[in-house]
Each structure stands twice: as structure tokens, then as C-alpha cells.
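Read through the structure below, which is laid out as C-alpha cells, and then see the notes.
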Amino acid sequence: MRNTNSRNDAGGACRRPGSPGVRQILAALAGPLVWCGWCWAAGSAGLAPLPDSTTPREEPLPGPALRGLVEADWLQAAVVPISTRSDAAGGCDGVKNGKYGFHTGLQRNPWWQVDLGAVLPVARVVVYNRLDYAPGLHNADNLQILLSTDGRHWKLSYENHGRHFGGISGGKPLEVVFTGHPAETRFVRLQAASKKPIYLHLDEVEVYGPQPGSPNLALHRNADQSSVSSSWSTDKLPVAATYPVAAWIARGGDWPPICRARAST
Ligand SMILES: [Ca+2]
């Protein structure tokens with residue numbers, strides 16, 4: 001039987017049988033203290049803390065497999081969900097090719113709009129229709145133009161009443177001139193009036209001021225639309241971030257320094 005009064009058992013004479021000794025307590029505390037120290041060091045270095053259940057270690061992955069995992073992670077992070085704004089940007093991106101620059105979902109009264117950035121005098125709106133679409137099915141023939149200075153209160157300023165119009169070819173684009181005096185507006189909305197669900201899709205929309213040689217006020221301005229199509233809407237906005245895949249491969253697919261420091265700690 002073990003002698004709990006032995007001098008080698010530090011503190012044993014002063015504790016009750018079955019209670020932990022000083023060494024046992026220190027041993028029990030050592031693990032959490034080391035872990036907290038590592039977390040403090042990682043936090044000071046700007047590293048995200050690892051979950052409690054994870055032990056930092058070297059992963060025995062071969063180079064190609066590791067490279068595939070890192071590339072897949074970067075590419076997944078680069079994917080941006082399509083939004084009404086990212087698809088609508090194609091309606092004022094300066095690209096005119098006879099195809100659709102944006103495409104709403106199927107709904108009643110679909111619309112597209114551009115924010116000019118400030119209340120400005122507007123004299124003309126030029127609308128380029130898509131040309132790769134079956135004749136007689138152009139929903140934009142019933143286009144309406146609504147103007148607003150605040151994006152909440154709209155004024156119907158033009159109706160096309162079913163007249164067909166073209167684009168870069170196959171007929172002139174729709175040109176709406178605000179006669180008399182230019183319209184003072186910040187937002188220009190194009191809406192296809194309909195009692196049943198339809199799509200709205202156009203090639204490009206241009207907005208001009210009253211001065212001769214006025215630049216296109218809508219070019220690369222923030223645009224939005226009423227909905228997106230899961231089949232035809234696409235992201236037109238530039239990718240916000242780039243990922244150093246090429247540089248990483250050039251280094252031989254090794255861990256970046258920050259990962260090495262984290263793995264060897
Ligand atoms: Ca376009």
C-alpha cells in the first residue's frame with residue numbers, strides 16, 4: 001500500500017487521503033497555461049486563434065494535394081454571389097454588342113435603374129435593345145422611364161406604348177428627349193409595364209445632359225434592378241480582390257511564412 005506520509009510526497013502529510021497533491025495540481029494546470037500562452041502569442045502576431053479541440057501540427061499532405069486545397073480555398077473566397085447590383089452594372093458598362101447587358105427575373109413590371117450620383121439636368125436617354133431575341137417578343141417595347149431625385153419618389157416621364165426599337169444595328173435605338181427644359185434628376189429608372197410576369201433585358205442605357213458634347217452621365221455609375229434571373233444574370237462588377245496563386249505556385253507550393261510559424265508553434 002502507498003505511504004501517503006512519505007517525505008517524497010510533497011504536501012501529502014497535510015492533505016486528506018484521496019485529495020490531489022501539489023505536483024498533480026501543477027501538472028493539471030501546466031497544459032492549459034501552455035495553451036493560453038500560445039493563444040496570447042498568436043493573438044499578438046495577428047493570427048486567428050485555433051479552436052480548443054485543435055492541436056497545431058504539420059499536415060502530411062503531398063505538394064499537389066496541398067496546392068489543390070489552397071487554390072480551392074482561394075477560389076471559393078473569390079466567388080461573389082450575383083446580386084441585382086452586380087448584374088445591373090452591365091446596363092451602363094459601355095459595352096454595346098447587341099446582347100443583353102443585364103437580365104431581370106420573371107416578374108410583373110420589372111425595372112432597371114442608374115444612380116447618376118447627384119441631381120443633374122438630363123436632356124436625353126438613349127436605350128439600346130438586345131438584338132439576339134425573337135422578333136415580337138421584346139418586352140422593352142412597352143418601356144416606361146421614371147425619374148427621381150431621392151430614389152423613393154418617382155415621376156413617370158415617358159411611355160413608349162409598344163413601339164419597337166433597335167440597338168447597335170437593325171433599327172435605331174430608342175432616344176427619349178426631354179423637350180422644353182432638361183429634367184432635374186438623380187435616378188433614371190426604365191420599367192417594362194406588364195400585368196403578367198415578364199423579363200426585362202437591354203444592351204445599354206446612356207444618359208446625357210443638355211450641353212453639346214455632354215458625356216454619358218450613366219457610364220459606370222451604380223445601377224440596380226428589380227430582380228435577378230438564376231439562368232441569365234451574371235456578375236459584371238470587377239473582382240475586388242486577387243489571390244496570389246501564381247506567386248504561391250512559383251514558390252513551389254510551400255506554406256506561406258505565416259502558416260509555417262503557426263504550424264511550428
Ligand atoms: Ca452593356
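Here are the numbers for this structure:
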| item | result |
| --- | --- |
| Residue-wise HN-Hα coupling along region 228-233, computed from phi with Karplus coefficients 6.51, -1.76, 1.60 (Hz; x: Gly, Pro) | 10, 9, 5, 9, 10, 6 |
| Calculated log₁₀ intensity ratio I(q)/I(0) where the Debye formula runs over C-alpha points of region 142-200, q = 0.14 Å⁻¹ | -0.47 |
| Linear extension gain, Ala118 paired with Ser83, 0.36 nm per residue minus alpha-carbon span | 10.3 nm |
| Pairs beyond 22 Å (Cα-Cα), from Lys99/Lys196; Lys196/Lys236; Lys96/Lys236; Lys96/Lys172; Lys155/Lys195 | Lys99/Lys196; Lys196/Lys236 |
| Charge dipole (debye, nearest 20) of region 110-232; +1 at Cβ of Lys and Arg, -1 at Cβ of Asp and Glu | 260 |
| Local electrostatic count, Ile198, Cβ distance below 12 Å [Lys/Arg +1, Asp/Glu -1] | +2 |
| Debye log10 I(q)/I(0) for region 84-225, one point scatterer per Cα, at q = 0.10, 0.11 Å⁻¹ | -0.28, -0.35 |
| Amide H within-cut-off set for Val122, under 5 Å, with H built and near neighbours excluded | Ala183, Glu184, Thr185 |
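Here, each number is a calculation from the coordinates, and none is a lab measurement. Only a predicted model underlies this, so the values are computations on that prediction, with no experimental measurement involved. Methodologically, a virtual Cβ is constructed for each residue, glycine included, from the backbone with ideal geometry; neighbour enumeration extends over all protein chains shown.
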